[in-house]
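Working notes for the structure below.
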Amino acid sequence: GPNRIASSAYGIVTGRITSIAIDTSDATGNTVYAGTTGGGVWKSTNAAGPAGDVTFAPLTDTLPVFSANAGTAAIPSLSIGAVSVQSGVVLAGTGDPNDSSDSFYGSGILRSVDGGLTWTLIRNSHDGVGGNHSFVGLGFAGFAWSSTSPNTVVAAVSQAAEGVIVNAVNKTDSGMGLYYSTDAGVSWQMSTILDGSQVV
């Protein structure tokens, strides 16, 4: 059914798939990542096989930053809004901007360089003189990698359900919009969007 998102040796998780990322560096097409609401990030290494044999394993269930309240609604960051993979770097934007009953706010961007074995949580942008913007309380709608600059990636950041609990969206601390990274997701800056000469 629509709520059965992934089965693995660990069991079946219910929820909603919010994003799929196919690892193009795997020529067989077997490596696929899935972002889910409430269930974190999952990975398949046999996705190109017969449908009945495809399995997914959870990658984020035991992250120390999240595990203190595992299995409770106090873990909004395991709601994933977007997943992307490029040149061995996996990005998972926490927080689901879809405002469904199983959508929760996030705590930032999860980044892995080892296929999801270990993760770093990036909680905010580093905008220099423009100040830093917190990703806590927001949701990630998508990532797009540059086809000409391999380390450049853009993230679309939106509001997320119940983000006001942690003071998002507060223009002083957080900000919705487009963020970009030129170092494959290690650091982020908010984009300035112009409408003519006006900053939007």
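The values are calculated or read from the model by the stated rules, or taken from the named source; none is laboratory data. From a predicted model like this one, the values you see are computed outputs, not experimental measurements. Cβ: placed from backbone, ideal geometry, glycine included. Neighbour counts: every protein chain shown. What goes into the accessible areas is simple: the full protein's heavy atoms, side chains included, and nothing from ligands, DNA or RNA. Shrake-Rupley method; radii C 1.70, N 1.55, O 1.52, S 1.80 Å.
Listed values, structure above:
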read-out: Qualifying residue in segment 47-57 (condition: over 21 Å from T182 (Cβ atoms), modelled with pLDDT under 90, open to solvent by less than 40 Å² (accessible area, probe 1.4 Å) and among the aliphatic types (A, V, I, L, M)); value: no
read-out: Criterion: modelled with pLDDT under 90, in a loop (DSSP other than H, G, I, E, B), polar (S, T, N, Q) and surrounded by fewer than 22 Cβ atoms within 10 Å (Cβ to Cβ) - qualifying residue of S107, S101; value: S101
read-out: Cross-chain or 6+ apart pairs with Cβ under 7 Å, segment 22-45 first and more than 15 Å from Q86 (Cα to Cα), then in a loop (DSSP other than H, G, I, E, B) and of a type in the set (K, R); value: T36/R16; T37/R16
read-out: Residue list for segment 64-98, restricted to those being at pLDDT 70 or above, part of a loop (DSSP other than H, G, I, E, B) and farther than 18 Å from G163 by Cα; value: S87, G88
read-out: Segment 36-46: number of residues that are open to solvent by 10 Å² or more (accessible area, probe 1.4 Å) and of a type in the set (A, V, I, L, M, F, W, C); value: 0
read-out: Members of segment 118-156 that are open to solvent by 60 Å² or more (accessible area, probe 1.4 Å) and either among the charged types (D, E, K, R) or free of Cβ contacts under 8 Å to residues at least 24 places away in the same chain (or both); value: T118, T120, R123, V129, N132, S147, T148
